Amino acid sequence: MPITGFGIPIHARGEVVAVLEFYAESLEVGERQRLTEFFEVLGGHIGLIIERYWAFEREKMHAAQMAVAA
């Protein structure tokens, strides 16, 4: 039985930072298009989460540096 697989890139700061891979035993033609659209949106949201996490980590590091400097 053939296996169908595809990858969705996760973008953050204009570059690919990860790829989500999905596999299924079969996909109907209509399902393929809907899943592609869904995973593109999901990948965009995950990219935003990663960017927010990076911003949070930068802020934590900045706060720690300010505490040491004080």
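Brief remarks follow.
- Folded to 0 to 90 degrees: helix 29-69 orientation relative to the chain principal axis, Cα: 10 degrees
- Residues in region 1-45 reached by a label modelled at Arg58 [backbone nitrogen below 13 Å; 7 Å Cα→Cβ]: 13-14
- Whole-percent carbon and sulfur share, accessible surface of the chain, 1.4 Å: 62 percent
- Summing charges over neighbours of Tyr53, with a neighbour being any other residue whose Cβ is under 13 Å away from its Cβ, gives +1 when K and R count +1 and D and E count -1.
- Listed values (i) 13.4; (ii) 11.7; (iii) 14.5, entry calculated as Kirkwood radius over Cα pairs in Å: (iii)
- Heavy atoms of the protein chains alone define the surface here; on that basis the chain has 81 Å² accessible area per residue at 1.4 Å probe size.
- Largest to smallest accessible area among Val41, Val29, Val17 [probe 1.4 Å]: Val29, Val41, Val17
- Residue among Glu25, Glu37, Glu51 with the largest mean-square fluctuation in a Gaussian network model of the chain, springs linking Cα atoms under 10 Å: Glu25
- Amide H contacts of Leu20 (H built 1.01 Å from N, under 5 Å, at least 5 apart or other chain): Ile8, Ile10
- Label point at Arg13 placed 7 Å out along Cα→Cβ; residues across region 35-70 whose backbone nitrogen lies under 19 Å: 44-65
The values are calculated or read from the model by the stated rules, or taken from the named source; none is laboratory data. It should be emphasised that the depicted structure is a prediction, and the values quoted were computed from it without experimental measurement. So basically every Cβ, Gly included, is an ideal-geometry build from the backbone, and we count neighbours across all protein chains shown. What goes into the accessible areas is simple: the full protein's heavy atoms, side chains included, and nothing from ligands, DNA or RNA. Shrake-Rupley method; radii C 1.70, N 1.55, O 1.52, S 1.80 Å.
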